[in-house]
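*Asks:* Submitted below is the structure of interest, expressed as structure tokens.
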Amino acid sequence: MKYVTIVSDSYEKAVEEARRKYGSAVRVHSRRDFTVGGGLFTRKRRRCEITCYLVEEKEDSRKKEPSVTRQDLAEFEKEAQTPDPGKLTRQEQLDTTQPARQLETDRRVVEILDDNDISMSLREHVLDGFEPGEDLFLSLSDRIISSVEIDHANQAHPLRYQIFLGPTGSGKTTTLAKIASLYKNVGRSPAVMCLDSYRVGAFEQVKAFADAFSIPALLVRDESEVLPAMDRLASYDLVLVDTMGLSPNDIALNMKLRGLLSVFPAKETNYLMTCPANMKSEDLLRQFRHYSQYAKVTSLIVTKLDESSSAGSFLTFAYEAKLPVSFCTDGQLVPDDLKQASTLVLMQYLKGLNAGIKPVLGQLT
């Protein structure tokens with residue numbers, strides 16, 4: 001009696017192939033379902049192997065076109081037998097099940113990504129082809145952090161005008177004051193321009209910070225005042241510009257800010273978006289797309305790290321928006337709670353991956 005073995009993606013396809021090759025003379029002797037690949041980082045594929053034997057068939061039946069019906073499949077299913085696991089080769093056993101160690105690694109990786117709220121395309125990028133090294137946590141944190149660019153150029157050599165954009169309550173004004181103080185401490189001559197004449201007490205807050213560090217501050221109410229303000233601050237080599245928080249539904253205020261920003265020379269201007277670490281990545285993306293309608297955001301500042309258990313949501317947004325990070329803030333103290341963004345600094349704010357990393361204050365070089 002002749003035996004043949006056929007492997008396909010499913011039992012049905014294996015039977016169809018057997019009938020196509022050997023006609024109605026084929027009978028299923030045994031069936032084995034197994035998987036190949038698998039694990040979190042490689043796709044698992046199901047396979048079915050059937051062992052068949054051939055019987056004598058009449059001459060006239062060979063001329064008929066073989067076809068497989070549901071009844072055939074049902075009969076073949078009855079004939080199929082589950083193989084004895086003890087007779088499987090070592091490779092077949094490995095193909096059929098995932099090693100327990102791999103399963104535990106997969107579970108831990110997913111848990112860490114979930115804890116850090118890492119989602120969307122960043123999650124896919126981290127998992128795609130990821131191969132844990134000897135230290136899973138170091139390998140995973142490196143994979144995450146290396147996915148986000150640091151804006152070293154803007155840190156060391158900022159353009160003349162640094163315009164701060166961001167949703168209401170994102171910490172624009174406080175962050176601007178911290179950065180102005182930081183640059184003054186390294187020998188730059190910063191000044192502050194406030195475009196927010198709508199929020200009650202907005203300019204007073206900016207001026208209080210500026211006065212504390214002997215930095216000049218001007219209020220600009222409309223487009224006609226922008227150029228005169230630039231002329232008054234011509235002797236200062238760095239002008240940090242505060243703006244109002246916007247709602248996409250406030251059309252008048254949006255048009256007002258669009259007009260104010262249109263006066264600044266593009267080649268001398270950077271737009272920095274302040275991003276609260278406790279805001280969802282989807283909401284940050286929505287804000288970013290709104291601002292992008294009339295300003296080219298060039299760098300990000302993550303704020304309120306002290307109010308979030310992880311920077312994962314922000315990192316997801318940064319990767320999705322394809323924008324570099326320049327500074328981080330983690331408190332209200334000016335200028336103490338400001339860090340120059342770096343790989344090490346960002347690693348401090350990854351939950352479950354920052355063991356042994358001590359806080360590092362950013363210093364401009």
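*Asks:* Helices (runs of 4 or more DSSP H) wholly in region 215-318 with at least 3 residues that are within 27 Å of LEU338 (Cβ to Cβ) and in contact (Cβ under 8 Å) with a residue 40 or more places away in the chain - which ones?
*Replies:* Fully inside region 215-318 and qualifying: 251-261, 281-291.
*Asks:* Surrounded by 24 or more Cβ atoms within 10 Å (Cβ to Cβ), within 17 Å of the chain's Cα centre (by Cα) and not aliphatic (A, V, I, L, M): is that true of THR343 in this structure?
*Replies:* Spelling it out, it is not the case that THR343 is surrounded by 24 or more Cβ atoms within 10 Å (Cβ to Cβ), within 17 Å of the chain's Cα centre (by Cα) and not aliphatic (A, V, I, L, M).
*Asks:* Still on this structure, I have one more. With (1) within 23 Å of the chain's Cα centre (by Cα); (2) within 18 Å of PHE327 (Cβ to Cβ); (3) touching a residue at least 12 places away in the same chain (Cβ under 8 Å) as the list, and HIS152 as the residue in question, which single condition is left unmet?
*Replies:* (3)
*Asks:* Select from region 290-320 the residues that are under 13 Å from the mean Cα position of the chain (by Cα), modelled with pLDDT of 95 or more and among the aliphatic types (A, V, I, L, M) and list them in ascending order.
*Replies:* LEU315, ALA318, listed by residue number.
*Asks:* Yes or no: region 194-202 includes at least one residue that is among the aromatic types (Phe, Trp, Tyr), surrounded by fewer than 23 Cβ atoms within 10 Å (Cβ to Cβ) and modelled with pLDDT of 90 or more.
*Replies:* Narrowing region 194-202 to residues among the aromatic types (Phe, Trp, Tyr): 198.
Okay, now just the ones that are also surrounded by fewer than 23 Cβ atoms within 10 Å (Cβ to Cβ), so 198.
Within this subset, residues satisfying the condition of being modelled with pLDDT of 90 or more are none.
Within region 194-202, not a single residue is among the aromatic types (Phe, Trp, Tyr), surrounded by fewer than 23 Cβ atoms within 10 Å (Cβ to Cβ) and modelled with pLDDT of 90 or more.
*Asks:* To continue, here is another question. Give me the residue from region 125-177 that is of a type in the set (Phe, Trp, Tyr) and outside the structural domain of ALA341 (by TED's automatic domain parsing) and, out of that set, modelled with the highest pLDDT.
*Replies:* PHE137
*Asks:* Right, here's the next one. If a residue has to be assigned to a helix (DSSP H, G or I) and on the phi > 0 side of the Ramachandran plot to count, how many in region 99-131 make the cut?
*Replies:* Selection size over region 99-131: 1.
*Asks:* Could you tell me which of the residues LYS172, LYS184, LYS207 is buried (at least 22 other Cβ atoms within 10 Å of the Cβ) and among the charged types (D, E, K, R)?
*Replies:* Testing whether each residue is buried (at least 22 other Cβ atoms within 10 Å of the Cβ) and among the charged types (D, E, K, R) leaves just LYS172.
*Asks:* Shifting gears a bit: Just to be sure, is LEU233 surrounded by 13 or more Cβ atoms within 10 Å (Cβ to Cβ), out of contact with any helix residue (DSSP H, G or I) (no Cβ under 9 Å at 6 or more places or on another chain) and in the same structural domain as SER170 (by TED's automatic domain parsing)?
*Replies:* So LEU233 passes the test.
*Asks:* Moving on. Could we say that GLU134 is of a type outside the set (A, V, I, L, M), free of Cβ contacts under 8 Å to residues at least 60 places away in the same chain, assigned to a helix (DSSP H, G or I) and exposed (fewer than 14 other Cβ atoms within 10 Å of the Cβ) here?
*Replies:* So GLU134 does not fit the description; no.
*Asks:* State which residue is nearest to TYR183 (Cα to Cα) when the search covers only region 236-249 and only residues that are out of contact with any Pro (no Cβ under 9 Å at 6 or more places or on another chain) and surrounded by 14 or more Cβ atoms within 10 Å (Cβ to Cβ).
*Replies:* Result: VAL241.
*Asks:* Ok, one more. For residues in region 346-361 being touching a Ser or Thr at 6+ places or on another chain (Cβ under 7 Å) and crowded, with 17+ Cβ neighbours inside 10 Å, which is modelled with the lowest pLDDT?
*Replies:* Filtering region 346-361 down to residues touching a Ser or Thr at 6+ places or on another chain (Cβ under 7 Å) leaves 347, 349-351, 353.
In the following step, the residues that additionally are crowded, with 17+ Cβ neighbours inside 10 Å were identified as 347, 349-350, 353.
Values: MET347: 88, TYR349: 90, LEU350: 90, LEU353: 83.
Out of the qualifying residues, it is LEU353.
*Asks:* Okay, next question. Of (1) modelled with pLDDT of 65 or more; (2) surrounded by 13 or more Cβ atoms within 10 Å (Cβ to Cβ); (3) in a loop (DSSP other than H, G, I, E, B), PHE34 satisfies all except one. Which?
*Replies:* Result: PHE34 fails condition (3) only.
The values are calculated or read from the model by the stated rules, or taken from the named source; none is laboratory data. Model, not experiment: these values are computed from the prediction. Glycine also receives a Cβ, built like all others from the backbone with ideal geometry; neighbour counts cover every protein chain displayed.
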